[in-house]
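So the structure is just underneath, and the comments pick up after that.
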Amino acid sequence: MKVFVTGGAGFIGSHIVAQLIREGDQVIVFDNLYQGHRAAVDPQAHFIEGDLADQALLDEVFATHKPDAVMHFASYTLVGESTTNPFKYLRDNVVNGLNLMETAVKHGALKFVLSSTANLFDDPDKVIPISEAEKIVPGSPYGESKAILERMLYWLDQTKEMKYAALRYFNACGCGYGLGEDHDPETHLIPLILQVAQGKRDKIYIYGNDYDTPDGTCIRDYVHVLDLASAHILALRALDDGSRAYNLGTGNGFSVSEIIETARAVTGHPIPAEVAGRRAGDPDTLIAASDKIRTELGWNPTHSDVRQVVSDVWTWMQAHPNGYASY
């Protein structure tokens with residue numbers, strides 16, 4: 001299959017590109033390098049630097065390369081920023097996604113995999129773990145932008161025969177294929193903790209220790225990026241059988257304090273921690289029920305042992321102390 005991957009130079013996108021290449025697919029990566037890194041793109045992929053706001057360029061690229069399918073990772077993704085700058089998220093994420101969908105339909109690329117989010121569910125009413133049956137109530141303008149994209153795809157399925165998979169993942173983490181996680185600014189917990197062990201930070205802040213959890217710190221479901229990659233590709237291959245939406249997680253949760261303790265064990269560093277005030281909008285616990293994709297597609301997250309996750313990230317960060325600038 002020839003697959004057009006937006007955001008293929010980013011953390012998750014680059015890992016999916018690497019897996020697609022290993023499975024024999026042809027890949028066109030389209031990325032504006034706002035948060036992505038050229039060095040993260042598999043050399044066997046065809047790279048195009050461009051922005052989804054440029055629909056004329058998209059049209060030219062689709063006409064030239066004639067992809068069979070689209071995987072869409074390019075997005076602004078910071079929940080906190082989306083609450084202070086909602087226009088950036090509600091406009092750019094939505095309009096750029098619509099540009100991409102319209103171009104894909106025009107050129108007959110009628111298979112679409114969307115990188116969605118657990119932020120669709122905010123603080124769920126039903127029992128944890130969260131299934132696909134949970135009511136969608138986005139927790140931020142970022143989550144709302146993804147919910148809108150999912151609804152757009154629903155209507156394109158109804159009116160234009162586009163088949164789609166919306167994949168809502170919980171806490172993406174880990175690394176593989178010689179790739180890593182390098183954001184500016186970094187916002188993900190595991191690399192932030194490990195930056196303390198690197199000597200780049202004096203301590204890690206714990207935002208609240210009075211949550212309704214066993215140790216008082218928030219619990220999240222950490223899913224390895226290689227397991228996410230396998231889920232995306234399984235979903236892509238299944239689109240001939242119809243559209244679908246899946247929650248992606250391990251079904252297990254770990255608290256912030258547990259992740260810090262794991263990092264201390266892996267690195268041998270004391271990793272000082274300091275409790276700070278809660279952040280607005282942080283639920284006590286978010287864990288995914290992934291029974292649906294396990295049953296329908298046989299997905300099995302085999303890399304997501306939390307110690308393995310932290311070890312993988314630490315190994316990459318030691319080899320690349322300045323991230324992709326180390327290449």
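Helix 256-267 and the long axis of the chain differ in direction by around 80°, with both axes built from C-alpha atoms.
Based on the alpha-carbon gyration tensor of the stretch 1-41 and its eigenvalue square roots a ≥ b ≥ c, which shape applies: rounded if a/c is under 1.5, prolate if not and a/b is larger than b/c, or oblate?
Details: a/c = 2.61, a/b = 1.74, b/c = 1.51.
Cα axes put the stretch 1-41 in the prolate bin.
Relative to the longest principal axis of the Cα atoms of the chain, the long axis of helix 141-160 makes an angle of roughly 30 degrees. Inter-label distance, residue 200 to residue 84: 2.0 nm, where each label sits 7 Å from its Cα along the C-beta direction. The alpha carbon centroids of the stretch 228-268 and the stretch 65-107 are separated by 22 Å.
Length available on full extension from residue 53 to residue 106: 0.36 nm per residue minus the Cα-Cα distance, which gives 17.4 nm. Anisotropy class assigned to the stretch 172-266 is oblate, per the alpha carbon gyration tensor with a/c at or over the 1.5 cut-off and a/b no larger than b/c. Spin-label model, residue 295 to residue 34: label points 7 Å out along the Cα-to-beta-carbon direction sit 3.8 nm apart.
For the chain, state the average projected area of the convex hull of the C-alpha atoms over all orientations, rounded to one decimal in nm². All intermediate terms of the calculation are to be shown ahead of the outcome.
On the way: hull surface 61.7 nm².
In nm², the orientation-averaged hull projection of the chain is 15.4.
In the structure shown, do any of 66/292; 2/292; 106/146 have a Cα-Cα gap over 24 Å, and if so which? Pairs exceeding 24 Å: 66/292; 2/292. You can think of it this way: the chain between residue 212 and residue 187 has 6.7 nm of extra reach, that is 0.36 nm per residue less the Cα-Cα gap. For the pair residue 234 and residue 26 in one chain, pulling the backbone fully straight at 0.36 nm per residue adds 73.3 nm over the alpha carbon distance.
Computed from the coordinates by the stated procedures, all read-outs in this text should not be read as laboratory data. Predicted model only: the values in this text are computed from it and were never measured. Neighbour counts run over all protein chains shown; Cβ positions are idealised from the backbone, glycine included.
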